[in-house]
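Participant: Before we start, here is the structure in question, set down as structure tokens.
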Amino acid sequence: MHNVTVAFAALLVMLLSYFFGCFNGSFMVSHFIIRDDVRKHGSGNAGLTNFYRTYGAKYALLVIACDMGKTVAACLLGSFFFRCLGWDGTLGTLLAGLGCELGHIFPVFYGFRGGKGILSGGTLLNWRVAAVAWALFLLLWLTTRYVSLASITATCSAPITVYFVYAHNWLYTGLCLAVAALVVWCHRENIQRLLHGTEKKFKWHVNPMEGKDPPQ
């Protein structure tokens, strides 16, 4: 009976977190504020990079706040719920993070077309794991200007860091690995372009839509 209860609680946390993740920042800002759909432009992805390339920096911070904020909220909820039941709060955090990541990448509200999971995936767990991942991201982004390469490398570092930070806990590492695998899978086309030398490098934009036809 205990195992059934744990399984039900885990499923409930992941389901609730999935719906948190469905509130995609890029889509919501482009739809409700700019009156457009970011997925109609550029790569067709509802992520921060495509949003920035399409609309510039004006609303980028709002997208970041939305996508990172929803993950923090979901992870806090998962941790709180598990702790209230007398269980492992970190496990609740990881399950919530995985659920939120699935919602961000495959949002049911937007035809299962979401982002690539960097902002949401880079927010969960603890500050040490996040610090290593974001340090790698910034290092590679600033030196190569390939956002995708920086994102993939930072993501792949997380399960390794988790393994050492949490004393070789294979359950935590496995759940973090699942999140990383999702992010890498979402970047499969970027990986191909990186291998062929056709991936676009990051460029600073203020308002790329200026001089173009406004969204209808």
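Participant: Answer yes or no as to whether L12 is of a type in the set (A, V, I, L, M), under 18 Å from the mean Cα position of the chain (by Cα) and part of a helix (DSSP H, G or I).
Facilitator: Details: of a type in the set (A, V, I, L, M): yes; under 18 Å from the mean Cα position of the chain (by Cα): no; part of a helix (DSSP H, G or I): yes.
So L12 does not fit the description; no.
Participant: Here's another thing I want to ask about it. For segment 16-45, which positions are in a helix (DSSP H, G or I), open to solvent by 50 Å² or more (accessible area, probe 1.4 Å) and under 18 Å from R113 (Cα atoms)? Explain how you work it out, then say what you get.
Facilitator: Residues of segment 16-45 in a helix (DSSP H, G or I): 16-21, 25-32, 38-40.
Narrowing the set further to residues that are open to solvent by 50 Å² or more (accessible area, probe 1.4 Å) leaves 16, 19-20, 31-32, 40.
Hits for segment 16-45 are F19, F20, H31, F32, K40.
Participant: For A178, only one of the following conditions fails: (1) under 17 Å from M14 (Cα atoms); (2) without any contact (Cβ under 8 Å) to a residue 12 or more places away in the chain. What is its number?
Facilitator: Every listed condition holds for A178 apart from (2).
Participant: Does any residue in segment 64-84 that is modelled with pLDDT of 90 or more and acidic (D, E) come within less than 9 Å, Cβ to Cβ, of a residue that is open to solvent by 50 Å² or more (accessible area, probe 1.4 Å) and not in a helix (DSSP H, G or I) six or more places away or on a different chain, and which pairs are these?
Facilitator: Sorted first by the residue in segment 64-84, then by its partner, the pairs are D67/F23.
Participant: Answer yes or no: is there a residue in segment 51-69 that is in contact with a His (Cβ under 7 Å, 6 or more places away or on another chain), open to solvent by 20 Å² or more (accessible area, probe 1.4 Å) and over 19 Å from H187 (Cβ atoms).
Facilitator: Yes, some residue in segment 51-69 is in contact with a His (Cβ under 7 Å, 6 or more places away or on another chain), open to solvent by 20 Å² or more (accessible area, probe 1.4 Å) and over 19 Å from H187 (Cβ atoms).
Participant: Can you find even one residue in segment 88-107 that is farther than 24 Å from G174 by Cα and either open to solvent by 10 Å² or more (accessible area, probe 1.4 Å) or part of a helix (DSSP H, G or I) (or both)?
Facilitator: Residues of segment 88-107 farther than 24 Å from G174 by Cα: none.
Checked segment 88-107: no residue is farther than 24 Å from G174 by Cα and either open to solvent by 10 Å² or more (accessible area, probe 1.4 Å) or part of a helix (DSSP H, G or I) (or both).
Participant: I'm trying to understand the selection: among the residues of segment 114-128, which are open to solvent by 20 Å² or more (accessible area, probe 1.4 Å), more than 16 Å from V63 (Cα to Cα) and at pLDDT below 85?
Facilitator: Result: L125, N126, W127.
Participant: Right, something else. Within the bounds of segment 99-111, is there any residue that is without any contact (Cβ under 8 Å) to a residue 12 or more places away in the chain and under 25 Å from H41 (Cβ atoms)?
Facilitator: yes
Participant: Here's a follow-up. Which one is least open to solvent (accessible area, probe 1.4 Å) among residues in segment 152-186 that are among the polar types (S, T, N, Q) and under 19 Å from G92 (Cβ atoms)? Steps first, answer last, please.
Facilitator: Going through segment 152-186, the residues among the polar types (S, T, N, Q) turn out to be 153, 155, 157, 161, 169, 173.
Add one more test, that the residue is under 19 Å from G92 (Cβ atoms), and what stays is 169, 173.
Numbers: N169: 48, T173: 16 Å².
The qualifying residue least open to solvent (accessible area, probe 1.4 Å) is T173.
Participant: How many of the residues in segment 129-151 are open to solvent by less than 50 Å² (accessible area, probe 1.4 Å), touching a helix residue (DSSP H, G or I) at 6+ places or on another chain (Cβ under 6 Å) and among the β-branched types (V, I, T)?
Facilitator: 2
Participant: Let me ask something else. Can you report the number of residues in segment 1-15 which are under 19 Å from A73 (Cα atoms) and open to solvent by 40 Å² or more (accessible area, probe 1.4 Å)? Please lay out each step first, then the result.
Facilitator: Here is the first cut: in segment 1-15, the ones under 19 Å from A73 (Cα atoms) are 9-15.
Adding the requirement that they be open to solvent by 40 Å² or more (accessible area, probe 1.4 Å) leaves 11-12, 14-15.
Selection size over segment 1-15: 4.
The values are calculated or read from the model by the stated rules, or taken from the named source; none is laboratory data. None of these values were measured; they are calculated from a predicted model. Glycine also receives a Cβ, built like all others from the backbone with ideal geometry; neighbour counts cover every protein chain displayed. For accessibility, only protein heavy atoms count, side chains too; no ligands or nucleic acids. Shrake-Rupley method; radii C 1.70, N 1.55, O 1.52, S 1.80 Å.
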